[in-house]
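Everything on this sheet refers to the single structure shown next.
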Amino acid sequence: MDQNIISIQNVTKRYPMGDREFTALKNINLEFKKGEFGGFVGPSGSGKTTLLNIIGSLDSPTEGKAIVMGKRISELSHKESALLRNLHIGFVFQVYNLLPIYTVYENVEFALLLQDNTKQERKKAVMEALEWVGLQDMADKKPSKLSGGEGQRVAIARAMVKRPQIVLADEPSANLDAKNAHGILQTMKQLNKELNTTFLFATHDEKVMEYLDRIIHLEDGQVAEDEIVTAKRTLTNSK
Amino acid sequence: MKLAFRLAYKNIMGAGLRTWLNVGILSFVFVLIIFYRAFLIGWQEQGIQNSVAWEYGYGQLQNSDYDPADPFTLDDGHGILPDDQQQNLVPLLLRQASIYPQGRMMPIVLKGIGVDQELLKLPTQKLRESAAAIPAIVGTRMAEAANLKEGDQVLLRWRDKEGTFDAANVTIAGIFSTQVPGVDVGQIWIPLRKLQQMTGLQGHATLFVANSNFVSKNNDGWRFVSQQELLKELNAAVEAESISGWVIYLLLLSIALLAIFDTQVLSIFRRQREIGTYISLGLTRNRVVNLFTIEGTMYSLLATFVGGIYGLPIFLYFGTQGIGMGGIEEMGFGMSSRIYPAFGFSLILTTFVLVVVSSALISYWPARKIARLDPVKALKSKH
């Protein structure tokens, strides 16, 4: 837990908005160690998703450095950033983003198709990932036949199947009821513990916050508070 | 690339009706292009074969005063070619004349041909074998027009070399069937010697049909018209059809390609989130371009397959049964009344390449646009 795998240094992100510019992130400085279970919390427009996108190399900072797995995001070519995402970063989206014409198995397998795995290796990994999320019996179903909770579990399996170093989850519980939200969060927490994968969330859902070990409050694109809640919980529990 | 093919196949199969509409229209165009081009090739090949076999041989040595397009030149357009220069040539003497079937006058061209010739497919042995004073053979079209049957006699009136009219009955010794109206419509064939005798033009000929061994020399008063020149009219007619054909099937192909282009352009809007997801999963831009280009191209591959399923039986049927072309003989050159389309491997291959390459090109441009989508915006898309 002592190795920095994400380093955000003086990151500012501005977007053109008509004739003006909108500043989504202002001078952000953050470090994340391997195996953290943290999240960006804040109201809409506070910059949570922008920060997640930069870490996921889907976007790059206007100023400052974002270093992920030792790679400076703004210096990566398209090919290099695609490789970084494919090998080391898993995404979980609010609306699952499952490919509708593929089965559950094929959706999860997709990330592995871009790597040089044999069919047997892929099958083993996919079935294992589906087992983590409790959907091994639904491998042949199409996403349209799944409930919201099941769909998000498939998305988690797809993110985890390649055993990435980092999983970025953008409002993963927003479309789920409380029971399903707790279900997927427990699954992610368990995977975090078992595989030591770093999980970063963008959320304003109280249910998600209950599970986070570190909460970074963002306001108007700035870090308002960076709190380690594991320690607080430990203290509260001991009292 | 293998992955791109696999994904593209999966994607277009998953698109359901949209795919089959594109494939349907493209396969129709594919089959139609092959069919029409095969028809033109068949028409040309048959026309050439028939014209060579029945009329043109390997070229003609024509009297320099004779113009095939001007019937008035028949009066003076003849001459004598020394015997030693007549090797590998079949002489024909052509004269204007009239026949009177059932009492009505019908202007004709009276053609004299050597009864022993074997170069042209005309059944001149019937002239040789007939015991009639003036035996004649006619084609089926002429026989029908004049209501003549084998064994019938019909009054023939002609003029000799001095312009004096003479008349006699000719006996129909045979009726032949040919696809070449140029040796049939409005003409009667009689023995050359007989015609020379009737007109007082002993030794004269209007033209000579050459066989394959003939070598053209400089003959005073005669000009050699090569087989290619004789076939020029036929080739020009086929060429004109071919050009209009190209216009038609380029239009059809454009419509079919427009459907693919439309599908690809729609993908920019309707599959944004899917594209964003591909990119988030680690697909490079090149791979996205490949995927969408292959998707577009795969329509044409599927169209070829589907077109093969219903097109091959059609090709086989018309390739063996031919297509009836009623009234086409009016065009005047070696046009068959039944054309057998020539479906060759190279024709199918070139059409296949044309369709596949054009669909790949038409898919590439939208695919490049797709790959340039901002993944963040794409992932936010509602589609």
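Could you give the nm distance between label points at A:K79 and B:K10, where each point is 7 Å from its Cα heading toward the beta carbon?
Going from the A:K79 label point to the B:K10 one covers 2.4 nm.
When you look at the Cβ of every residue in A:51-61, what mean number of other chain Cβ atoms sits within 10 Å? Don't skip to the answer; put the middle values down first.
Numbers: counts 0, 0, 4, 1, 0, 4, 4, 8, 4, 0, 0.
Counting other chains' Cβ atoms within 10 Å and averaging over A:51-61 gives 2.
In debye, nearest 20, what is the charge dipole magnitude of the protein assembly as shown about its Cα centre with +1 on Lys and Arg Cβ and -1 on Asp and Glu Cβ, if you could check?
Working: 64 positive and 61 negative charges, 567 e Å.
Computed charge dipole of the protein assembly as shown: roughly 2720 debye.
Skipping prolines and chain starts, which residues have an amide H placed within reach, meaning under 5 Å, of the one on B:Y340, given they are 5 or more residues away or on another chain?
Long-range HN contacts for B:Y340: B:I323.
How do B:I33, B:I175 stack up against each other in accessible area, from largest to smallest, with a 1.4 angstrom probe? Write out the running numbers ahead of the final one.
Numbers: B:I33 0, B:I175 50 Å².
Per-residue accessible area, sorted high to low, gives B:I175, B:I33.
Relative contact order for region B:91-199 using alpha-carbon pairs under 8 Å, separation at least 6, rounded to a whole percent?
About 36 percent, as a whole number.
Which ³J(HN,Hα) values in Hz, rounded to whole numbers, follow from the phi angles of region B:78-88 under the Karplus curve 6.51 cos²θ - 1.76 cosθ + 1.60, where θ = phi - 60° and Gly and Pro get x?
Those phi angles translate into 8, x, 10, 10, x, 4, 5, 9, 9, 5, 6 Hz.
Compare the Cα positions of B:I175, B:M106, B:P135 along the charge dipole of region B:91-199 (+1 at Cβ of Lys, Arg; -1 at Cβ of Asp, Glu; about the Cα centre) and return the one farthest towards the positive end.
Towards the positive end, the residue furthest out is B:M106.
If each of A:R20 and B:V353 carries a label point 7 Å out from its Cα toward its Cβ, how far apart are those two points in nm?
The modelled label-to-label distance comes out at 6.0 nm.
Averaged across B:363-375, how many Cβ atoms of other chains sit within 10 Å of each residue's Cβ atom?
Details: counts 0, 0, 0, 0, 0, 0, 0, 0, 1, 0, 0, 2, 8.
Shielding by partners across B:363-375 averages 1.
In 20 Å bins starting at zero, report the fraction of Cα pairs in the protein assembly as shown per bin as a rounded %.
16, 30, 17, 14, 15, 8, 1, 0
Give the shape of region B:166-288 as rounded, prolate or oblate, defined through the alpha-carbon gyration tensor: a ≥ b ≥ c are the square roots of its eigenvalues, a/c under 1.5 means rounded, and otherwise the shape is prolate if a/b is larger than b/c and oblate if not.
Values: a/c = 6.17, a/b = 3.55, b/c = 1.74.
Since a/c reaches 1.5 and a/b is larger than b/c, the shape of region B:166-288 is classed as prolate.
Select from B:G200, B:G14, B:L26 the residue farthest towards the positive end of the dipole of the protein assembly as shown; place +1 on Cβ of Lys and Arg, -1 on Cβ of Asp and Glu, and compute about the Cα centre.
Farthest towards the positive end: B:G14.
Helix B:17-51 versus the longest principal axis of chain B: what is the Cα-based angle in degrees, 0 to 90, to the nearest 10?
20 degrees
Working with all protein chains in place, sort A:D220, A:D177 by solvent-accessible area computed with a 1.4 Å probe, largest first.
Working: A:D220 110, A:D177 85 Å².
Of A:D220, A:D177, the descending order of accessible area is A:D220, A:D177.
What distance in nm separates the simple spin-label points at A:Q120 and B:S226, each placed 7 Å from Cα in the Cβ direction?
Roughly 6.9 nm, to one decimal.
Between B:A236 and A:V95, what FRET efficiency comes out of the Förster formula 1/(1 + (r/R0)^6) with R0 = 60 Å and r the beta carbon distance, rounded to 0.05?
Working: r = 65 Å, r/R0 = 1.08.
Efficiency, rounded to the nearest 0.05: 0.40.
If one takes the accessible area of chain B alone plus chain A alone and subtracts that of the pair, with a 1.4 Å probe, what total in Å², rounded to the nearest 100, results? List each step's numbers first, then the result.
Working: alone 19120 and 12020 Å², together 29030 Å².
Adding both sides of the contact gives about 2100 Å².
Quick one: angle between helix B:2-14 and the longest Cα principal axis of chain B, in degrees between 0 and 90, rounded to 10, please.
That helix lies at roughly 90 degrees to the long axis.
Rounded if a/c is under 1.5, else prolate if a/b is larger than b/c, else oblate: which is region B:1-52, with a ≥ b ≥ c the root eigenvalues of its Cα gyration tensor? Show your work: numbers first, answer last.
Values: a/c = 9.68, a/b = 2.97, b/c = 3.26.
In terms of gyration-tensor shape, oblate.
Which order do peptides B:40-53, B:369-382, A:83-96 fall in by mean Cβ count within 10 Å, highest first?
On the way: B:40-53: 20.0, B:369-382: 17.1, A:83-96: 22.0.
Ranked from most to least packed, the peptides come out as A:83-96, B:40-53, B:369-382.
Lysine pairs in region B:91-199 with alpha-carbon atoms under 16 Å apart, 8 or more places apart or on different chains: how many are there?
Close lysine pairs found across region B:91-199: 7.
Under unit Cβ charges (Lys, Arg +1; Asp, Glu -1), what dipole magnitude, rounded to 20 debye, does region B:91-199 have relative to its Cα centre? List each step's numbers first, then the result.
On the way: 13 positive and 10 negative charges, 31 e Å.
That gives region B:91-199 a dipole magnitude of about 160 debye.
Given axes a ≥ b ≥ c from the Cα gyration tensor, I'd like to know whether region B:35-189 is rounded (a/c under 1.5), prolate (a/b larger than b/c) or oblate. Before the final figure, lay out the partial values.
On the way: a/c = 1.59, a/b = 1.20, b/c = 1.32.
In terms of gyration-tensor shape, oblate.
Give me a single rounded figure for A:85-92: the average over its residues of other chain Cβ atoms within 10 Å of their Cβ.
Per-residue shielding by partner chains comes out at 3.
For the full complex of protein chains and a 1.4 angstrom probe, list A:E225, B:E144, B:E274 by accessible area with the highest value first. Can you show the working numbers first?
Working: A:E225 90, B:E144 150, B:E274 35 Å².
Accessible-area ranking of A:E225, B:E144, B:E274, largest first: B:E144, A:E225, B:E274.
Bin by bin, in steps of 10 Å, what percent of the Cα pairs in chain A do you find, going until the bin that has the longest distance?
8, 32, 36, 20, 5, 0
For B:K121, tell me the accessible area in Å² from a 1.4 Å probe, rounded to the nearest 10.
Result for B:K121: roughly 120 Å² accessible.
Using packing as a proxy for protection, rank B:24-32, A:112-120, B:291-299 so that the peptide with the highest average count of other Cβ atoms within 10 Å comes first.
Values: B:24-32: 22.0, A:112-120: 13.3, B:291-299: 25.1.
Ranked from most to least packed, the peptides come out as B:291-299, B:24-32, A:112-120.
Ratio of Rg to Rh for chain B, alpha carbon only, Kirkwood?
That ratio is 1.24, to two decimals.
Name the long-range amide H neighbours of A:A24: under 5 Å, sequence gap of 5 or more, or other chain; modelled H, no Pro or chain starts.
So A:A24 has HN proximity to A:K13, A:R14, A:Y15.
To test your reading of the geometry: what angle, between 0 and 90 degrees and rounded to tens, separates the Cα axis of helix B:232-270 from the longest principal axis of chain B?
Approximately 10 degrees, to the nearest 10.
Enumerate the calculated ³J(HN,Hα) couplings along region A:164-177 in order (Karplus 6.51 cos²θ - 1.76 cosθ + 1.60, θ = phi - 60°), each rounded to whole Hz, writing x wherever the residue is Gly or Pro.
x, 6, 10, 10, 10, 10, 9, 6, x, 9, 4, 9, 10, 6
Is there a pair in A:K162/A:K193; A:K34/A:K193; A:K34/A:K189; A:K34/A:K124; A:K119/A:K193; A:K142/B:K369 whose C-alpha atoms are over 19 Å apart, and which pairs would that be? Numbers along the way, then the final one.
Details: A:K162/A:K193 16 Å; A:K34/A:K193 11 Å; A:K34/A:K189 14 Å; A:K34/A:K124 25 Å; A:K119/A:K193 28 Å; A:K142/B:K369 29 Å.
Beyond 19 Å between Cα atoms: A:K34/A:K124; A:K119/A:K193; A:K142/B:K369.
The values are calculated or read from the model by the stated rules, or taken from the named source; none is laboratory data. Keep in mind that this is a model prediction, so the values were computed, not measured. So basically every Cβ, Gly included, is an ideal-geometry build from the backbone, and we count neighbours across all protein chains shown. Side chains included, ligands, DNA and RNA excluded: accessible areas come from the protein's heavy atoms. Shrake-Rupley method; radii C 1.70, N 1.55, O 1.52, S 1.80 Å.
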